[in-house]
1. I'd like to know if the range 193-204 contains one or more residues that are under 17 Å from the mean Cα position of the chain (by Cα) and of a type in the set (Asp, Glu).
2. Do you know which of the residues in the range 76-97 that are in contact with a Leu (Cβ under 8 Å, 6 or more places away or on another chain) and under 30 Å from Gly165 (Cα atoms) is modelled with the highest pLDDT?
3. Inspect the range 198-218 for any residue being within 16 Å of Leu121 (Cβ to Cβ) and either in contact (Cβ under 8 Å) with a residue 12 or more places away in the chain or polar (S, T, N, Q) (or both) and give the result as yes or no.
4. I need the full set of residues from the range 124-160 which are basic (Lys, Arg) and within 15 Å of Val239 (Cβ to Cβ), in order please.
5. When you go through (1) at pLDDT below 90; (2) surrounded by fewer than 18 Cβ atoms within 10 Å (Cβ to Cβ) one by one for Phe72, which number turns out not to apply?
6. Report, ordered by the first and then the second residue, all pairs with beta carbons closer than 8 Å, sequence separation of six or more or different chains, a first member in the range 131-149 that is of a type in the set (S, T, N, Q), and a second member that is surrounded by fewer than 20 Cβ atoms within 10 Å (Cβ to Cβ) and part of a strand (DSSP E or B).
7. Quick one: which of Leu153, Leu67, Leu103, Leu162 is assigned to a strand (DSSP E or B) and among the aliphatic types (A, V, I, L, M)?
8. For Ala123, indicate whether it is aliphatic (A, V, I, L, M) and free of Cβ contacts under 8 Å to residues at least 24 places away in the same chain.
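The values are calculated or read from the model by the stated rules, or taken from the named source; none is laboratory data. All values derive from a computational prediction rather than experimental measurement. A quick note on method: Cβ atoms are made from the backbone with ideal geometry, for glycine too, and the neighbour counts reach across all protein chains shown.
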Amino acid sequence: MTTPDKPAPKRAAGRKALAPWRAIRADILSRIQSGDWGPGSHLPKEVDLAASYGCTRSTVSRALRDLAEAGFLERRRKGGTRIAENPVRKARLDVPLLAEAILRAGHTATCRTLRAGMRPLPAAVARRLGRPAGLPVFEVLTLHLADDRPHFLEHRYIDPRLAPGVEGADLTASGIDVWLLHNAPFSRLEIALSAVPARGEVAEALNLPPQSPCLLMERASWRREQPLGLLLLYHAAGVPVLAHL
């Protein structure tokens, strides 16, 4: 294991004294990718990096934390920070509002609420959320269209105890995802992607041949460490899921 001989050099004259954390992140990442700081190497102490960059220690800490979350660094309490021996890249999956995703793709966005109301929690969804089957939940089935063509079929189960007022949500102007964002935002997500056969109302809503492959994003959400609900998001043919490395 090697240790860098010296901290990163100070910025050239004319640069701002307080370097933004993103600039520091980019500089450290370039040193890792160029091999200047190899796998297993310990980085200089945060206080030394801060002095070198002419910024506060908290700015450096923010940059290092982001690199650690991306899998490039390993940070240990009282053990310092070192370059990961085998960096595991983490993909950032886009989770935009559904209408926003359609607009970003250059289409006009509209939606139709196909079903909305209280119902007992189905056993399969209950197992996924760790909740008892039969628990009263609010179910919403919404078809999202791009240029008047089916794009997403959004099927949600929401615990009204964690989303007070959801039963009376006005879904005529915008989708349930917009209402949740403003009234019951999630604190944690778990996402699973799978290919499933399009059956019944899914095939009918998305204009897919019965039993044809359909991309399903299953998204469980939590609020205040309690299961808020489950989203089953079915994609029409050719609709991508975006992730960034």
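1. No, there is no match, as no residue in the range 193-204 is under 17 Å from the mean Cα position of the chain (by Cα) and of a type in the set (Asp, Glu).
2. Once the filter is applied, the top-ranked residue is Leu97.
3. Going through the range 198-218, the residues within 16 Å of Leu121 (Cβ to Cβ) turn out to be 218.
Next cut, either in contact (Cβ under 8 Å) with a residue 12 or more places away in the chain or polar (S, T, N, Q) (or both) only: 218.
Within the range 198-218 (the criterion being within 16 Å of Leu121 (Cβ to Cβ) and either in contact (Cβ under 8 Å) with a residue 12 or more places away in the chain or polar (S, T, N, Q) (or both)), the answer is yes, since at least one residue qualifies.
4. Quick first cut of the range 124-160, residues basic (Lys, Arg) only: 127-128, 131, 149, 156.
Passing the criteria: only Arg149.
5. Single failed check for Phe72: (2).
6. Thr142/Arg112; Thr142/Thr113; Thr142/Leu114
7. Numbers: Leu67 fails: assigned to a strand (DSSP E or B); Leu103 fails: assigned to a strand (DSSP E or B); Leu162 fails: assigned to a strand (DSSP E or B).
Unique residue meeting the criteria: Leu153.
8. Yes.
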